[in-house]
Amino acid sequence: SQDVTDLMQKNDSVQRANKALHGYIKQQQVITSCLAYLMVDEDDDTSIQKVLRSFCEHLQASRCLIMICDENSDEMLLAYEYCNNGRPLNLSALETKKIPYNTVWFQSLCNRETLCYDSESSDNSFLPEELAALDWGQGLRIKSLYAAGIFFSGRLWGGLAVTYEENNYALSVQERKLLQAAVHIMEIILQRKRNHLRLEQALLDAQKANE
């Protein structure tokens, strides 16, 4: 009977290893497809939406959001969204929020830590009243949320967040690494967009100078 027990334990170990390997392969496929969008799509906003969709669907999230922190106006606003539950937000109608510089969770974002919130857990990055700062209205009821900071030139520019609104969801260690990979891909796309805008402005300035 000991031999049977040992065999069953080994079989369980093999199954867990195979599941972990399958998950890793799937994540690498998501990252590879997102990097391909950088090469194929000339329109930066199209690339952003495709990347948001890929990560949102893979993580089985309700929605994936990009938040901008504008230090010049001390405001946070939602700039991009991919909705996976048929209830997209009207981004143009959302009010901006004041940047909560004094909160632990915002400082954690600045420190490149992954923020975690789960309504069924007592170990969260957010206090319930702090989560209210991310209540953008329009019926958004967050059960689980995970976010990581987007940086330009070493400074926090914004954040990428995935939300779960129908059910609670705990991201695995592997999935949290995928969230960080998504952030780095977004940083590349947004930097490219910034460079395109600067080039367009330089061309306009040159045209005006020649008139």
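Across the range 38-70, what is the total count of residues that are closer than 18 Å to residue 150 by Cβ and without any contact (Cβ under 8 Å) to a residue 40 or more places away in the chain? Outline the logic, then answer.
If we filter the range 38-70 for residues that are closer than 18 Å to residue 150 by Cβ, which is where we start, we get 38, 44-45, 47-56, 59, 61, 63-70.
Filter once more, so that each one left must be without any contact (Cβ under 8 Å) to a residue 40 or more places away in the chain: 49-50, 52-54, 70.
Number of matching residues: 6.
I want to confirm something. Restricting to the range 119-133 and keeping residues that are at pLDDT 80 or above and either in contact with a Lys or Arg (Cβ under 6 Å, 6 or more places away or on another chain) or open to solvent by 100 Å² or more (accessible area, probe 1.4 Å) (or both), which single residue is nearest to residue 154 (Cα to Cα)?
Looking at residues that are at pLDDT 80 or above and either in contact with a Lys or Arg (Cβ under 6 Å, 6 or more places away or on another chain) or open to solvent by 100 Å² or more (accessible area, probe 1.4 Å) (or both), I get 119.
Can you name the residue in the range 90-118 that is of a type in the set (S, T, N, Q) and in contact with a helix residue (DSSP H, G or I) (Cβ under 9 Å, 6 or more places away or on another chain) and is also modelled with the highest pLDDT among such residues?
As a first pass, look at the range 90-118 and keep what is of a type in the set (S, T, N, Q): 90, 92, 96, 102-103, 107-108, 111, 114.
In the following step, the residues that additionally are in contact with a helix residue (DSSP H, G or I) (Cβ under 9 Å, 6 or more places away or on another chain) were identified as 103, 114.
Working: 103: 86, 114: 91.
Taking the candidates together, the pick is 114.
Restricting attention to the range 180-211, and to residues there that are among the charged types (D, E, K, R) and either farther than 30 Å from residue 53 by Cα or at pLDDT 80 or above (or both), which single residue is surrounded by the fewest Cβ atoms within 10 Å (Cβ to Cβ)?
Of the range 180-211, the ones among the charged types (D, E, K, R) are 187, 192-194, 198, 200, 205, 208, 211.
Among the residues that remain, those that are also either farther than 30 Å from residue 53 by Cα or at pLDDT 80 or above (or both) are: 187, 192-193, 205, 208, 211.
Details: 187: 17, 192: 14, 193: 15, 205: 10, 208: 8, 211: 4.
Looking at residues that are among the charged types (D, E, K, R) and either farther than 30 Å from residue 53 by Cα or at pLDDT 80 or above (or both), I get 211.
Within the range 84-100, how many residues turn out to be under 22 Å from residue 157 (Cα atoms) and surrounded by 12 or more Cβ atoms within 10 Å (Cβ to Cβ)?
Number satisfying all stated conditions: 7.
Given the condition within 16 Å of residue 115 (Cβ to Cβ), without any contact (Cβ under 8 Å) to a residue 24 or more places away in the chain and assigned to a helix (DSSP H, G or I), answer yes or no: does some residue in the range 153-176 qualify?
There is at least one residue in the range 153-176 that is within 16 Å of residue 115 (Cβ to Cβ), without any contact (Cβ under 8 Å) to a residue 24 or more places away in the chain and assigned to a helix (DSSP H, G or I).
The values are calculated or read from the model by the stated rules, or taken from the named source; none is laboratory data. Keep in mind the model is a prediction, meaning the values are calculated, not measured. Backbone-built Cβ (ideal geometry, glycine too); neighbour counts: all protein chains shown. The accessibility values were calculated without ligands, DNA or RNA, using every heavy atom of the protein model including side chains. Shrake-Rupley method; radii C 1.70, N 1.55, O 1.52, S 1.80 Å.
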